[in-house]
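> Take a look at this one; I'll ask things after.
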Amino acid sequence: MHIASGLLLFLATLLAMEGFAYVMHRWVMHGPGWFLHASHHRPRTGNWELNDLYAVIFALPSIVLLYGGVHLGWWPGFAWIGAGIAGYGAIYFGFHDIIVHQRLPHRYVARSPYMKRIVQAHRLHHAVESKRGAVSFGFLWAPAPDVLKRQLKERGGSIRPVTNSD
Ligand SMILES: [Zn+2]
Ligand SMILES: [Zn+2]
């Protein structure tokens, strides 16, 4: 496979993963999968939360596709797709777990309008601690904070103050 086609597949997978993550977060994690995700909407007591199992689950197809594409002689495109899933996982971890939830200490402060917007959007997602009523299920794509605040108000839920430790 030409490297340009591979890179294209990789980038397309990164983009598609944001859509996949949105769907999973909105209808699975805040649906039948809430029993694992609920831990992420409560203050964490140790280093880990049950919700971390989702990272393991989503890594599996990436590992299988990379292994098959690189070592088992499958269509090489599978390896690029597997790499795209892993790449999204890495970006997601950096944004969600490190920047927003500060699971590793850092002094990064969002300054660009885009970074401010996605950080604030995810904090607003955490303004609701229950399975229903939450807004903003995407991570790297998010509506403007004003839109999200209006949605929260319309749902009638009380918005608890959003702090840095969310
Ligand atoms: Zn959630
Ligand atoms: Zn979160």
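The values are calculated or read from the model by the stated rules, or taken from the named source; none is laboratory data. This one's a predicted model, so the numbers in the text were calculated from it and none came from an experiment. Every residue, glycine among them, receives a Cβ derived from its backbone with ideal geometry; neighbour counts consider all protein chains shown. Side chains are part of the model used for accessible areas, which takes the heavy atoms of the whole protein and leaves out ligands, DNA and RNA. Shrake-Rupley method; radii C 1.70, N 1.55, O 1.52, S 1.80 Å.
> I'm checking my understanding of the structure. Among residues of the range 7-20 that are among the small types (Gly, Ala, Ser) and closer than 13 Å to GLY138 by Cα, which one is most open to solvent (accessible area, probe 1.4 Å)?
Top of the filtered list is ALA16.
> Conditions first: (1) touching a residue at least 12 places away in the same chain (Cβ under 8 Å); (2) surrounded by fewer than 17 Cβ atoms within 10 Å (Cβ to Cβ); (3) out of contact with any Asp or Glu (no Cβ under 9 Å at 6 or more places or on another chain). ARG107 passes all but one, so which condition is the exception?
(1)
> Hey, ALA4 hits all of (1) under 27 Å from HIS126 (Cβ atoms); (2) hydrophobic (A, V, I, L, M, F, W, C); (3) without any contact (Cβ under 8 Å) to a residue 24 or more places away in the chain; (4) open to solvent by 30 Å² or more (accessible area, probe 1.4 Å) but one; which does it fall short on?
(1)
> If I filter the range 74-92 for residues that are closer than 16 Å to PHE139 by Cβ, touching a residue at least 40 places away in the same chain (Cβ under 8 Å) and open to solvent by 60 Å² or more (accessible area, probe 1.4 Å), do I get at least one hit?
yes
> Can you go through VAL56, VAL23, VAL28 and tell me which one is surrounded by 14 or more Cβ atoms within 10 Å (Cβ to Cβ) and either assigned to a helix (DSSP H, G or I) or touching a residue at least 40 places away in the same chain (Cβ under 8 Å) (or both)?
VAL28
> While we're here: For the range 126-144, name all the residues that are surrounded by 17 or more Cβ atoms within 10 Å (Cβ to Cβ) and touching a residue at least 24 places away in the same chain (Cβ under 8 Å).
HIS126, ALA127, VAL128, ALA134, PHE137, GLY138, PHE139, LEU140, ALA142
> If I ask for residues that are surrounded by 15 or more Cβ atoms within 10 Å (Cβ to Cβ) and either acidic (Asp, Glu) or over 15 Å from TYR92 (Cβ atoms) (or both), which ones from the range 35-51 would you list?
LEU36, ALA38, SER39, HIS41, GLU49
> Are any residues in the range 62-73 open to solvent by less than 60 Å² (accessible area, probe 1.4 Å) and not hydrophobic (A, V, I, L, M, F, W, C), and if so, which ones?
Correct list: SER62, GLY68, GLY69.
> Would you be able to say whether some residue in the range 96-107 is assigned to a helix (DSSP H, G or I), under 23 Å from LEU11 (Cα atoms), at pLDDT 95 or above and away from ligand 1 (no atom under 16 Å from the Cβ)?
Yes - at least one qualifying residue is present in the range 96-107.
> Any residue at all in the range 90-109 that's touching a Lys or Arg at 6+ places or on another chain (Cβ under 6 Å) and among the aliphatic types (A, V, I, L, M)?
No - not one qualifying residue is present in the range 90-109.
> Which members of the range 21-51 meet the condition of being aromatic (Phe, Trp, Tyr), within 16 Å of ligand 2 (Cβ to nearest atom) and under 18 Å from SER136 (Cβ atoms)?
Listed by number, the residues that qualify are TYR22, TRP34.
> Tell me yes or no: at least one residue of the range 121-141 is in contact with a helix residue (DSSP H, G or I) (Cβ under 9 Å, 6 or more places away or on another chain), under 18 Å from MET29 (Cβ atoms) and of a type in the set (Ser, Thr, Tyr).
Checking the range 121-141: at least one residue is in contact with a helix residue (DSSP H, G or I) (Cβ under 9 Å, 6 or more places away or on another chain), under 18 Å from MET29 (Cβ atoms) and of a type in the set (Ser, Thr, Tyr).
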